[in-house]
Amino acid sequence: MNPPREPGLIRRGVLWLLMLGPFFFLSYGLANNYTAGRDDIGSLVFGWEQHMPLWPWTIIPYWSIDLLYGLSFLLPRTRQEMDRHALALLTAQLISVGCFLLWPLRFTFERPGLDGVFGWLFDVLMGFDKPYNQAPSLHIALLVIIWTMFARHIHRQPWRWVMHGWMGLIGISVLTTWQHHFIDLPAGALAGFVCVWLWPREGLLPLQGARLAHAAKRWRLAAWYGLGACLCAVLAGKLGGAWLWLAWPAVSLFMVALNYGVLGAGGFQKGSDGRLSNAACWLLAPYLVAAWINSRFWTWRHPQPDEVCDGVFLGRIPGRSEGAPFAGIVDLCAELPFLACTTAIAGKPAPTGIATGSKACAGPAGAGLPTPTGIATGAKVYAAPAAEGLPAPTEIATGAKVRAAPAGEGLPAAKGMATASKVCAVPVGAGLPAMRPAQSAYRSLPTLDLIAADAKLLQQAADAIEHLRTQGPLLVCCALGYSRSASAVAAWLLLSGRCSDAAQAEALIRQARPGIVLHPAHHQVLQQLGAHG
């Protein structure tokens, strides 16, 4: 739902238009006139473009972007959204004009004379435009920014489909009016998405969170991704033709390298709803596809999550239908979007095979943790009755208040059971009724892959786990479910008092999910948490 509209935005939008309008025509016209006098102008044309049709009527959608440019300033609902939209448009102008001057290109087709209204519109266009300002297409760059704004605010059908159809027609019109060669379109889209990424609707700007990485491992990973970006760029430049599409993975890998070296997890722009920003999805698309395939490849033999204890499960980031059994999810993956629909989780009963309390927090044999007769948790204590084959709890660590289930409920009265919140004796496992969460709960705590999270983030993850697990079965996940998420569960075990040290926490998790990978850096952070916990 959109936030309430702040007052004074119309006046603010008009002021921005009064600045951006003249700047557009001035900078665009000067670049065109300057390039017209140069003798180093090239062109980049594919052979199949000789068959591109000229559709005079598409001058209508081509021109319409000027109207949509102005109307887009009526849509923002906050000053921040208004200013960032305007700054994105300004940045697109600066990037495009800079490229026009550095790498001048010329449109090579000669458009025949046209009559009627369409011919008049072409004549007006050519009165200030010349066939030079080509790559990146400023028309496409501005379209990406304007399209993003309209898509953000128009949700009602059929108007949303009409909007998308018309925006798509504007994109096609740059070819069918013979204004641009094909190479200008992806170059313009790249410029537009970079601008939207630089000026997101809300939250910190990418450059505001820029910090040089201190960990050597982050720089090593940044170097590898940077090397991959350079390799793709060189191949695209040397081989040309269809190989030019390698420029896309080059950009994608370069941005990942930036994230590891400077920007951190925030560079992926994963929001509180688990979705990556539209700009990040497009810019990082080749990397995201590879990362998703890698996630599924390494977990195809064991795709299901594993319960560690007290209804807390550890596993890979779920697909669209894999998150339904869980009432809550804590997601530590920065580079992959959370695809499971939250509405699919909300209100669904947990399967009888996944019930909180079905596995008690008890350290594995030899880990230094005795198997308790009573099971303490940070919120509730679930103890099986003697009829289930387990002894009735006799003592559980004191906390705040005691509540024993009456014998009339078919359970033996608990003796001296207390927890930090409340204590009750209930059957465990299959005897526990399926839980029906009132609503789904999702918490995103993005962290970089292969990098140990800091103590502050693990503290936040532990707090989120302890809070959300009370709503029903909880999944703690990352790309594979073996490292980042495992360290978060270990932090929870430590800080909730379920384990006394990092070694016990790791042993307990490894008993449930043997393939976990915790490096010395993870151990160091966990030891810090244990010392301060």
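The values are calculated or read from the model by the stated rules, or taken from the named source; none is laboratory data. This structure is a prediction, so every number in the text was calculated from the model and none was measured. Note: ideal-geometry Cβ built from the backbone for every residue, glycine included; neighbour counts use all protein chains shown. Note: areas computed on protein heavy atoms with side chains; ligands, DNA, RNA excluded. Shrake-Rupley method; radii C 1.70, N 1.55, O 1.52, S 1.80 Å.
Is the C-alpha gyration tensor of region 465-533 telling us rounded, prolate or oblate? Criteria: a/c under 1.5 is rounded; beyond that, a/b larger than b/c is prolate, otherwise oblate. Note, shape of region 465-533 comes out oblate. Just how far, in whole angstrom, is region 166-211 from region 459-509 if you go by their alpha carbon centroids? Computed from Cα coordinates, the inter-centre distance equals 40 Å.
For the residue pairs 130/238; 217/238; 217/270, alpha carbon separations beyond 25 Å are given by 130/238; 217/238. The fraction of accessible area contributed by carbon and sulfur in region 187-329 is 70 percent, rounded to a whole number (1.4 Å probe; ligands and nucleic acids excluded). Computed with a 1.4 Å probe over protein heavy atoms only, the accessible surface of region 1-126 comes to 57 Å² per residue. I want to make sure I understand the PRE zone here: with the label point 7 angstrom from the Cα of residue 77 toward its beta carbon, which residues in region 134-162 have backbone N atoms less than 13 Å away? Within reach of a label on residue 77, which here means backbone N under 13 Å from a point 7 Å along Cα→Cβ, region 134-162 contributes 152-156. Using a probe of 1.4 Å, the accessible surface attributed to residue 63 totals some 60 Å² when neighbouring protein chains are kept in position.
Under a 5 Å amide H cut-off, with hydrogens placed 1.01 Å from N, residue 476 pairs with 313, 314, 315, 330 among residues at least 5 apart or on other chains. When 148, 108, 58 are compared by accessible area of protein heavy atoms, the largest-first order is 108, 148, 58, using a 1.4 Å probe. Please give the net charge around residue 462, taking every other residue with its beta carbon less than 12 angstrom from that of residue 462, where Lys and Arg add +1 and Asp and Glu add -1. In short, +2. Solvent-accessible area per residue in region 449-533 equals 38 Å², computed with a 1.4 angstrom probe and all protein chains kept. Here region 1-99 is treated with +1 on each Lys and Arg Cβ and -1 on each Asp and Glu Cβ, and its dipole about the Cα centre works out to around 520 debye.
Each pair of Cα atoms in region 164-274 enters the Kirkwood radius, and Stokes-Einstein at 10 °C and 1.306 mPa s then converts it into a translational diffusion coefficient of 99 µm²/s.
Put the Cα centre of region 236-298 next to the Cα centre of region 32-74 and the gap is 28 Å.
Given a 1.4 Å probe and the protein chains as shown, residue 40 ends up with an accessible area of around 80 Å². Around the amide H of residue 275, modelled in the peptide plane, lie the amide H atoms of 338, all under 5 Å away and 5 or more residues distant in sequence or on another chain. For trypsin sites (Lys or Arg not before Pro), the sites in region 210-280 that DSSP calls loop and that have at most 11 other Cβ atoms within 10 Å are 211.
Between residue 524 and residue 290, the FRET efficiency from the beta-carbon distance, with R0 = 41 Å, is close to 0.85. Diffusion coefficient of region 138-193 by Stokes-Einstein, Kirkwood radius over Cα pairs, 37 °C, 0.692 mPa s: 282 µm²/s. Assuming charge only on the beta carbon of Lys and Arg (+1) and of Asp and Glu (-1), the dipole of region 78-228 about its Cα centre is about 860 debye to the nearest 20.
Look at the dipole of region 285-343 built from charges on Cβ: of 330, 309, 287, the Cα furthest out on the positive end belongs to 287.
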